[in-house]
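The values are calculated or read from the model by the stated rules, or taken from the named source; none is laboratory data. For clarity, every value in this text was computed on a predicted model and none was experimentally measured. So basically every Cβ, Gly included, is an ideal-geometry build from the backbone, and we count neighbours across all protein chains shown. Just so you know, the surface numbers come from the protein's heavy atoms only, side chains and all, with ligands and any DNA or RNA stripped out. Shrake-Rupley method; radii C 1.70, N 1.55, O 1.52, S 1.80 Å.
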Amino acid sequence: MEPLDVEDGFDVHEYRHGLKLVSQDRATMHLENRNDFACPACGDAFEELFVSEKRENTFGNPGGPFCVVRTGGQVLLLTH
């Protein structure tokens with residue numbers, strides 16, 4: 001299982017082959033993990049990934065475990 005590399009920020013283009021874009025606006029992206037990439041926080045496979053460049057974000061109940069990772073300019077929310 002290939003982990004997402006977020007050391008220098010997250011670049012969705014590096015993982016296009018295994019992530020499906022669900023929705024996108026100017027500062028956020030919602031993606032599905034179609035390739036069993038590993039979570040950069042815990043190392044387990046994740047189901048969905050939310051990427052935000054916004055300073056403030058509000059999330060509903062993801063319905064299960066999740067991890068949050070902060071890069072230089074992004075917040076990543078990964079649901080398991």
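Some observations on this one:
- Taken along its principal axes, the alpha carbon cloud of segment 10-80 reaches lengths of 28, 26, 22 Å, longest axis first.
- Carbon + sulfur, % of accessible area of the chain - ligands and nucleic acids excluded, 1.4 Å: 44 percent
- In sequence order, calculated HN-Hα J values of segment 5-21 (Karplus, 6.51, -1.76, 1.60; Hz; x Gly/Pro): 8, 10, 4, 10, x, 9, 10, 4, 5, 5, 10, 3, 5, x, 10, 9, 6
- Comparing Asp11, Asp44, Asp25 in a Gaussian network model of the chain (Cα springs below 10 Å), the most mobile by mean-square fluctuation is Asp25.
- Heavy-atom accessible area order for Glu56, Glu14, largest first, 1.4 Å probe: Glu56, Glu14
- Rounded to the nearest 0.05, the FRET efficiency derived from the C-beta distance between Val12 and Glu56 at R0 = 22 Å is 0.55.
- The residues of the chain expose on average 66 square angstrom of accessible surface per residue, using a 1.4 Å probe on protein heavy atoms.
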